[in-house]
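Encoded as structure tokens, the structure appears first; notes follow it.
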Amino acid sequence: MVRPALTAAWRAVCSRRGRWVTGGTVVALAAVVGAVVLLGEESGPPDPRAREYRDVNSCLLTGEQGIIAGTPAAPVWAGMQKASLETRTRATYVPVMGEQSAQNALPHLNSLLQRQCDVVVAVGESQVEVARSEAGNHRAIRFVVVGGPEAAEPDGKAPQGTPGNVTVVAEAGDGLEDRIARIVQKAVPIGK
């Protein structure tokens, strides 16, 4: 039963008309394969603007207005972007939406911790409060708090009772962007 079908197919291919059909099929198949190969290849060199990031994340917790110009978080974000360029690390931010309280900021901070942020920067009174209160529970993460209640002492040291993995930065001053960039660069783990 199979043999007669194969014999008939072979005769059709060998006939004059069969050669035209078979040849056309081969040409069409070759065109499809060629198109797939050409489309599958990159058309030119990789995008020179594309950056290869290390597996390190610095994250910013802000107030509801986020990082728009004029907010306290804007120069902090600019400093984090500068540090990201220097260290090839990813920088992200999460604004605390709704009531600006430590209780409402906690789930937002937890979302950053679940993203495996190596450095968490907090800007805004409730964000700073929750970052300070949770820092002691996450000693492997470097926290940077900008302003908030009890900013850095006049000698630049963190206030009494601040966990060792917290850096306190006074929010006033024109050099905030550069200070944040330096702090984040130093806080980024070297071995990752």
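The values are calculated or read from the model by the stated rules, or taken from the named source; none is laboratory data. Please read these numbers as outputs of a predicted model, since none were measured by experiment. What goes into the accessible areas is simple: the full protein's heavy atoms, side chains included, and nothing from ligands, DNA or RNA. Shrake-Rupley method; radii C 1.70, N 1.55, O 1.52, S 1.80 Å.
When Glu171, Glu99, Glu134 are compared by accessible area at a 1.4 angstrom probe, the order from most to least is Glu99, Glu171, Glu134. Amide H to amide H distances under 5 Å link Thr167 with Phe143, Val144, Val145, where only residues 5 or more positions off or on other chains count and H is placed in the peptide plane.
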